[in-house]
Amino acid sequence: MSVTALPETSVPGSMVDNRSWYQRNRLRVAPWLFLAPAIIFFTIYVIAPIFQSIWTSFFEWNGLNNADGTSSAKWIGLGNYVELLDDEDFYTSLYNNVLWLVLYLLAVPAGLFIALFLNQTVTGMRIYKSLFFFPFVISQVVVGLIFSWFYNPNFGIVGEVWRFFGAAPPSILGDEDLVTYGIIFAGLWPQIAYCMILYLTGLNNVSPDQVEAGRLDHAKGWKMLWYVILPQLKPATFIAVVVTVIGALRSFDMIAIMTQGGPYGSSNVLSYYMFEQALSEFGFRMGYGSAIATVLFFIMLFFISYFLWSMYQDEKR
């Protein structure tokens, strides 16, 4: 019995995908093409220097090469980190960073209450908003100079107020016990303005239906704020806290302008102490400065990782 072979079925030309690989996957490839320049620059100017700094922290190096072009860096392993454990200036800088972190977070509730005030419909409110917004648009360097003049005991506003009440004006930036608080207070001025802007944006997205429902349930004042408004401001609060924490940990500009770490290193923070050890006239100790930078990096990495984990958990819920 003969078996007749079935004719091969031909695939219609319209069913054959003759497009190139890019044409078939362009919806998945296009986002990466747009992100590629940013990723390349971020890798070259951020990621690579981080690992380079960590590697440099294991050397004793003044930043210069020998006359024959070879590196003068000397491998000392964990020597720089061991020295940090006995460095009183490092602990002073670390303590000041913690102080910055705790007091700087006052910008978040202060920005919230100012935003609640500015969110009302009152005559001249645009002028008030402009006045509160002003600190955010000026440079940190300018803020530092302004408050340096304010704190000057000879001609500053603080000195004039003290003399008005018949008291001797304090030298805030020259007092080891007051200088850090004075710089933090100066830094809070623009930071509060930034948090205020975030909350004003968040208040524009508050659902009026939920506010009305709260009023029907006799919620007003603090209860309305706590149970109705604040839950809807959670994204703005998250961003405000993240930015404020990072700003507190990397505080540099205000200290460089107002005190240069003085008096006697009492206002130093890790970022300025790193600069002082690595690049200033005090040392050119690139390895030791890199060790300080590495410690600061891992502190910031801890907080950033925690915030990202919290955001991920919120997204899962």
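None of the figures in this text is laboratory data; all of them are computed from the coordinates on show. Quick caveat, the model's predicted, so the values are computed rather than measured. Cβ coordinates were reconstructed from backbone atoms using ideal geometry, including for glycine residues, and neighbour counts include every protein chain displayed.
With loop membership from DSSP and a limit of 16 other Cβ atoms within 10 Å, the longest segment of the chain without GluC sites (Glu not before Pro) is 9-175.
Could you work out the relative contact order of segment 88-284, using alpha carbon pairs under 8 angstrom and six or more residues apart, expressed as a whole percent?
Details: 216 pairs, mean separation 67.5, N = 197.
The value is 34 percent.
Here segment 132-158 is scanned for amide nitrogen atoms under 12 Å from the site 7 Å beyond the Cα of Phe117 along Cα-to-Cβ, giving 132-133.
Placing a pseudo-label 7 Å from each Cα along the Cα-to-Cβ vector at Phe297 and Arg19 gives an inter-label distance of 4.3 nm. Projecting the Cα positions of Gly262, Gly247, Gly202 onto the charge dipole of the chain (unit charges on Cβ atoms of Lys, Arg, Asp and Glu, taken about the Cα centre) puts Gly202 furthest along the positive direction. Projecting the Cα positions of Trp189, Leu101, Leu64 onto the charge dipole of the chain (unit charges on Cβ atoms of Lys, Arg, Asp and Glu, taken about the Cα centre) puts Trp189 furthest along the positive direction. In terms of its C-alpha gyration tensor, the chain comes out oblate, because a/c is 1.5 or above while a/b does not outweigh b/c. State whether segment 175-250 is rounded, prolate or oblate according to the following rule on the C-alpha gyration tensor (a ≥ b ≥ c being the square roots of its eigenvalues): a/c under 1.5 gives rounded; otherwise a/b larger than b/c gives prolate, and the remaining case gives oblate. Because a/c hits 1.5 or more and a/b exceeds b/c, segment 175-250 counts as prolate.
With a Cα-only, solvent-free Debye model of segment 50-159, what are the log10 I(q)/I(0) values at q = 0.10, 0.17, 0.19 Å⁻¹? The Debye formula, applied to the Cα set alone, gives -0.65, -1.04, -1.13. Estimated from helical segments only, the mean residue ellipticity of the chain at 222 nm is -20000 deg cm²/dmol, where each DSSP H run of four or more residues counts as -39500 (n - 2.57). Screening the chain for whole DSSP H helices with an alpha carbon extent of at least 30 angstrom along the helix axis and a mean Kyte-Doolittle hydropathy of at least 0.5 yields 179-203, 286-316. Given a 10 angstrom Cα cut-off, can you work out which residue in Ile50, Ile138, Ile127 is the most mobile in a GNM of the chain? Looking only at Ile50, Ile138, Ile127, the biggest GNM fluctuation is shown by Ile127. Were the residues from Ala36 through Glu83 laid out at 0.36 nm apart, the gain over their Cα-Cα distance would be 12.8 nm.
Taking segment 201-295, which chymotrypsin sites (Phe, Trp or Tyr not before Pro) meet the DSSP loop condition and have no more than 13 other C-beta atoms within 10 Å?
Tyr264, Phe282
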